[in-house]
Amino acid sequence: MTFRSYMKIALEEARAAGQRGEVPVGAVIIGPDGALVAKAGNRTRELNDPSAHAEMLAIRAACAAAGSGRLPGHDLYVTLEPCAMCAGAIAAARVARLYYGADDPKSGGVAHGARIFTHPQAHHAPEIYDGIGASEAQALLQAFFRDLR
């Protein structure tokens, strides 16, 4: 089987989020058959919902499409290291593989901070692949926050 990255689609979602005034983070979920199941960008400001991170929205949409609260065999691509909240949702949804771009030393919950998947209370830990599209994701975030100042 040949690996195919779907980070370009996640980056498109991140750019769209940034154009809406949201922190530019995008996520996509790919089903076991390789089909795109869900995609989303941050919408916390638009929805006045602190949980409306790209990962959370994509997981909700994918679970609705699957008719299940679990996503075994699914891959999640996200442009930024998931926070602790999103990592908890990834574990609860039983996502098989997590691919993320930029590290988030300040608010990350996978390789930094809470490191959710290393806790004994984590019922599931996905395979994790970091650094996919990291430079482009980092550039989007840096430009967004630079322009805010």
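The values are calculated or read from the model by the stated rules, or taken from the named source; none is laboratory data. Keep in mind the model is a prediction, meaning the values are calculated, not measured. Note: ideal-geometry Cβ built from the backbone for every residue, glycine included; neighbour counts use all protein chains shown. Quick note on the areas: whole protein, heavy atoms, side chains included, nothing else; ligands and nucleic acids left out. Shrake-Rupley method; radii C 1.70, N 1.55, O 1.52, S 1.80 Å.
Between the helical axis of 7-19 and the longest alpha-carbon principal axis of the chain there is an angle of about 40 degrees. Helical content alone sets the calculated 222 nm signal of the chain at -11000 deg cm²/dmol, taking -39,500 (n - 2.57) per DSSP H segment of four or more residues and averaging over every residue. With the convex hull of its Cα atoms as the shape, segment 8-73 has an orientation-averaged projected area of 4.3 nm².
Remark: segment 112-120, residue by residue, has Karplus-estimated 3J(HN,Hα) of 10, x, 5, 6, 3, 6, 8, 6, x Hz, where x stands for each Gly or Pro and the curve is 6.51 cos²θ - 1.76 cosθ + 1.60 at θ = phi - 60°. Protein heavy-atom accessible surface, 1.4 Å probe, per residue over the chain: 51 Å².
Seen from Glu127, the other residues with C-beta closer than 14 Å to its C-beta sum to a net charge of 0, counting Lys and Arg as +1 and Asp and Glu as -1. Each part reduced to its alpha carbon centroid, segment 1-62 and segment 84-149 end up 13 Å apart.
Along its principal axes, segment 1-132 has C-alpha extents of 34, 32, 28 angstrom, given from the largest down.
Seen against the Cα atoms of the chain and their longest principal axis, helix 54-66 is set at about 40 degrees. Solvent-accessible area of segment 105-149 (1.4 angstrom probe, protein heavy atoms only): carbon and sulfur portion equals 53 percent. Here the average projected area of the convex hull drawn through the C-alpha atoms of segment 68-138 stands at 4.3 nm².
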